[in-house]
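Below: the structure, in structure tokens.
The values are calculated or read from the model by the stated rules, or taken from the named source; none is laboratory data. No experiment lies behind these values; they were computed from the predicted model shown. Heads up, the Cβs are rebuilt from the backbone with ideal geometry, glycines too, and the neighbour counts pull from every protein chain shown. Note: accessible area is taken over every heavy atom of the protein model, side chains too, but ligands, DNA and RNA are not part of it. Shrake-Rupley method; radii C 1.70, N 1.55, O 1.52, S 1.80 Å.
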Amino acid sequence: MKLLLKWLLNAGALLLVAAVFSGVQVESYASALWAVVVISLLNTLVRPLLVLLTLPVTLLTVGLFLFVVNGLMLWAASGLLGGLHVAGFWAAVWGAILYSLLGMAIDSLLARLFPQ
């Protein structure tokens, strides 16, 4: 139940990112929901490998390079889906930053609603 609610809220967050930031466009709520599923899968399967491979750069930039990795995940999801469009690499990085901030707020809200 919590995972489904998290995906639904993250789809809304992705729509909010698209409404606020012109570099990210989402066609519909269904497209946003599919994008959240694909981003979740990419974050589970591909992101750990990218973080490991870019660890020296991440250490040199004191963790700021992780924003680039998050942007790559958003950009990859837009390449895999037709309903999500990202204008370019830097648009993906800024969109991922906004999406991450909203995701942290959603995680905090869900932690309060569903305490362990």
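When every residue of region 108-115 is checked against the conditions, at least one turns out to be touching a Lys or Arg at 6+ places or on another chain (Cβ under 9 Å), open to solvent by 70 Å² or more (accessible area, probe 1.4 Å) and not in a helix (DSSP H, G or I). With the condition kept exactly as written, say whether any residue in region 65-81 is open to solvent by less than 90 Å² (accessible area, probe 1.4 Å), farther than 21 Å from D107 by Cβ and in contact with a strand residue (DSSP E or B) (Cβ under 6 Å, 6 or more places away or on another chain). Yes; the residues of region 65-81 include at least one that is open to solvent by less than 90 Å² (accessible area, probe 1.4 Å), farther than 21 Å from D107 by Cβ and in contact with a strand residue (DSSP E or B) (Cβ under 6 Å, 6 or more places away or on another chain).
Only one of V24, V36 is closer than 17 Å to I106 by Cα and surrounded by 18 or more Cβ atoms within 10 Å (Cβ to Cβ); which? None of the other options fit; the residue is V36. Note on region 50-64: residues that are open to solvent by 60 Å² or more (accessible area, probe 1.4 Å) and closer than 17 Å to I97 by Cβ amount to 2. Just one of the listed residues (A91, A87) is open to solvent by 50 Å² or more (accessible area, probe 1.4 Å) and in contact (Cβ under 8 Å) with a residue 60 or more places away in the chain, and it is A87.
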